[in-house]
1. On a full-extension model of 0.36 nm per residue, what is the gain between Val43 and Ile95, subtracting their alpha-carbon distance, rounded to one decimal in nm?
2. Rank these for me by crowding, Met302, Met78, going from fewest to most other beta carbons within 10 Å.
3. Can you sort Ile197, Ile165 from fewest to most other Cβ atoms within 10 Å of each residue's own Cβ?
4. Once the convex hull of the alpha carbons of the stretch 30-157 is built, what does its volume come to per residue, in cubic angstrom?
5. Of the options Ser53, Ile292, Cys409, report the single residue whose Cα projects farthest towards the positive end of the charge dipole of the chain (beta-carbon charges: Lys, Arg +1; Asp, Glu -1).
6. Can you compute 3J(HN,Hα) from phi for each residue in the stretch 372-378, using the Karplus curve 6.51 cos²θ - 1.76 cosθ + 1.60 with θ = phi - 60°, rounded to whole Hz and x for Gly and Pro?
7. If amide H atoms are built 1.01 Å from N in the plane of the peptide, which residues on other chains or at least 5 residues away come under 5 Å of the amide H of Ser172?
8. Starting from the amide H of Asp300, placed 1.01 Å from N in the peptide plane, find each other amide H under 5 Å away whose residue is 5 or more places distant or on another chain.
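What follows is calculated from the coordinates using simple rules that are stated; it is not laboratory data. Here the structure is a predicted model, which means the values were calculated and not measured. Every residue, glycine as well, gets a Cβ built from its backbone with ideal geometry; the counts of neighbours run over all protein chains shown.
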Amino acid sequence: MGTCVKGTVKFETLGCKLNFSETATLGSLLAERGYATVQGDAVPDVCVVNTCSVTELADKKCRQHIRSLIKRYPDALMVVTGCYAQLKATEIAEIPGVDIVLGNEQKLDIAQYVDQWFAQRQAVLEVTPHNDIRRFSPSCECGDRTRYFLKVQDGCDYFCSYCTIPMARGRSRCGTIQSLVTQAREVAAAGGKEIVITGVNIGDYGKNTGERFIDLIQALDEVEGIERYRISSLEPDLLSDELIAFCAQSRAFMPHFHIPLQSGSDEVLRLMRRHYDRQLFADKIAKIRELIPHCFVGVDVMVGTRGETPECFDDSLQFIASLDVQHLHVFPYSERPGTAALRIPYIVDQKTKQERVAQMLELSDRKQRAFIERYLGTVRPVLMEQPGAGATVMHGFTDNYIRVNVQPCDRLVNKVVPVRLKSMNPDLSVDAEVITEEAQQ
């Protein structure tokens with residue numbers, strides 16, 4: 001006999017990969033209580049918005065999404081959770097049409113709150129103060145047919161001067177190695193080939209379990225069936241030489257790191273309360289190049305922060321230009337209420353911020369093009385992804401994170417195949433050809 005369906009749910013997720021992973025868990029929790037994800041354009045009984053609050057623009061987008069859903073589905077139960085809900089619960093609760101506001105500690109109880117609302121029809125606002133957030137909510141989401149996002153850690157103890165994440169996510173905590181390996185095995189059993197390891201500050205893994213991040217990735221590397229792992233982001237001071245050395249000889253961890261720098265100016269790093277200086281960062285890049293020469297390194301860069309004088313920005317730009325990194329994820333500084341950065345007197349105007357973003361993006365483009373050009377004509381392993389309906393090409397990524405396009409072929413989906421890189425496109429993807437078994441003989 002089938003499960004009785006109480007109602008249907010529409011999910012909206014904003015922000016980071018971690019949020020998308022967590023939304024999948026919310027869907028599973030509601031499904032266990034009889035709430036099915038809405039299909040197609042059907043009108044849902046429940047709307048769940050998992051919010052982001054990393055910038056002022058993110059807050060604005062969340063409000064727009066919430067109001068849009070209320071207007072489109074006026075009779076649906078409206079549930080809002082996530083980081084924006086944690087930080088601005090009252091502001092959200094005052095939006096006409098919002099029924100339930102849940103902080104990050106309450107996410108795992110979403111099904112109970114939904115059941116309670118249908119029984120009592122009473123508005124709910126439940127948010128635990130950030131210092132009391134203790135629970136780790138496991139999640140593993142399939143972003144497509146080939147890539148899963150496994151949450152291994154949550155929260156942050158760093159309290160950088162510009163950041164609200166510790167206030168939104170609470171203290172650093174994680175799942176056990178045993179539980180995470182079990183999830184990875186479930187992904188393999190479901191046919192998944194690639195897992196992206198996500199979290200807020202994953203290098204800080206193990207504070208509540210007494211385990212280490214290197215122990216976790218060594219255990220995950222042994223899971224049969226998973227052919228690829230990628231590490232979403234690692235703070236430079238937590239990227240140990242031991243970890244780099246392990247990835248260099250690992251069976252499944254790809255030659256790909258994403259490392260937040262934020263600024264190449266030591267003065268700005270000090271104002272940001274980062275836990276390293278630029279020399280440490282440069283040393284980490286040098287160690288990666290020594291042990292994994294073909295590695296793709298992405299870097300987070302923030303521009304226009306309080307205290308970033310023209311001299312500091314020029315210093316940062318020159319330092320980043322000197323690094324052998326391949327891509328810059330650049331974003332302008334956004335004022336966040338309650339952060340220590342608001343006490344820094346020097347303010348960068350919006351126009352200057354955008355000019356600095358443009359300069360960094362131009363540098364990123366040059367670096368990524370130069371990296372791709374090194375591999376044109378070579379053969380790299382690519383995990384091919386499911387093409388969209390009517391697509392004329394199918395995509396995939398090389399081990400060292402070059403995006404390629406090949407002719408669609410159903411039998412290649414979710415398989416790692418050797419591909420020759422032929423020519424680069426304006427969007428920095430590469431047209432390529434699959435090397436057949438016959439061609440290799």
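1. On the way: separation 52, 0.36 × 52 = 18.72 nm, distance 2.10 nm.
Fully extending the segment from Val43 to Ile95 adds 16.6 nm.
2. Numbers: Met302 26, Met78 23.
With the fewest neighbours first, Met302, Met78 line up as Met78, Met302.
3. On the way: Ile197 25, Ile165 21.
In order of increasing Cβ crowding within 10 Å: Ile165, Ile197.
4. Working: hull volume 17.7 nm³, N = 128.
About 138 Å³ per residue, rounded to a whole number.
5. Value computed over the given set: Ser53.
6. 4, 4, 4, 10, 4, x, 8
7. The list, which skips near neighbours in sequence, is Cys156, Asp157.
8. Ile259, Leu261, Gln262, His329
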